[in-house]
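**Student:** Structure provided below as structure tokens; questions to follow.
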Amino acid sequence: MKPRNIPYGTWSEGPEEARYAYYYYGHKNDGDWPELPVVPPPPCPWYDNTGIDRQIAAVKLVAMLEEKLTPREWKILIYRFKMSMTYEEIGRMFDISTKRVRQIEMKARRRSRKYFVGLKR
């Protein structure tokens, strides 16, 4: 005594007793099913919520550095690292020598280094 059609979403391959019990003594409404225990999913190694936290922290750190450095130091760091400009190009913009641009950059890096203590790469 087998059913003629198998409802969508049911398991047609399984133990004979379970299939028989499902098809002939099954529940018609979803609310008739007994409560099943909910097992939390295992942690995913490839998804890490701290990435978002790190981005937020980085934005806050950049804003804080902008306040702590002088406008000239800040602009030189931006031109040097964000826009990938050379010392010579920056020196022409500020009308200073390349050595002075390098000195200002090193001073700004030394001043900003204390805010990066404790951060991991």
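The numbers here are math on the coordinates, done by the rules we state, and not lab data. The structure presented is a predicted model; accordingly, all values stated were derived computationally and were not measured. No Cβ is skipped: glycine too gets one built from the backbone with ideal geometry, and neighbour counts run over all protein chains shown.
**Student:** Could you tell me whether segment 54-116 comes out rounded, prolate or oblate from its Cα gyration tensor? Rule is a ≥ b ≥ c as square roots of the eigenvalues, rounded for a/c under 1.5, then prolate if a/b exceeds b/c, otherwise oblate. Intermediate values should be presented prior to the final figure.
**Tutor:** Details: a/c = 2.50, a/b = 1.90, b/c = 1.31.
Prolate.
**Student:** Further question on the same structure: Mean separation of Cα pairs under 8 Å and 6+ residues apart, divided by the residue count of segment 54-116: what relative contact order is that in percent? The partial results should precede the final answer.
**Tutor:** Details: 33 pairs, mean separation 20.7, N = 63.
It rounds to 33 percent for segment 54-116.
**Student:** Sticking with this structure for a sec: Work out how much length residue 116 to residue 86 would gain on full extension: take 0.36 nm times their residue separation and subtract the Cα-Cα distance, in nm to one decimal. Spell out each step's value before the answer.
**Tutor:** Working: separation 30, 0.36 × 30 = 10.80 nm, distance 2.45 nm.
Fully extending the segment from residue 116 to residue 86 adds 8.4 nm.
**Student:** Continuing with this model, one more query. State, to one decimal in nm, how far the label point of residue 97 lies from the label point of residue 56, with both points 7 Å from Cα in the Cβ direction.
**Tutor:** Distance between the two pseudo-spin positions: 4.8 nm.
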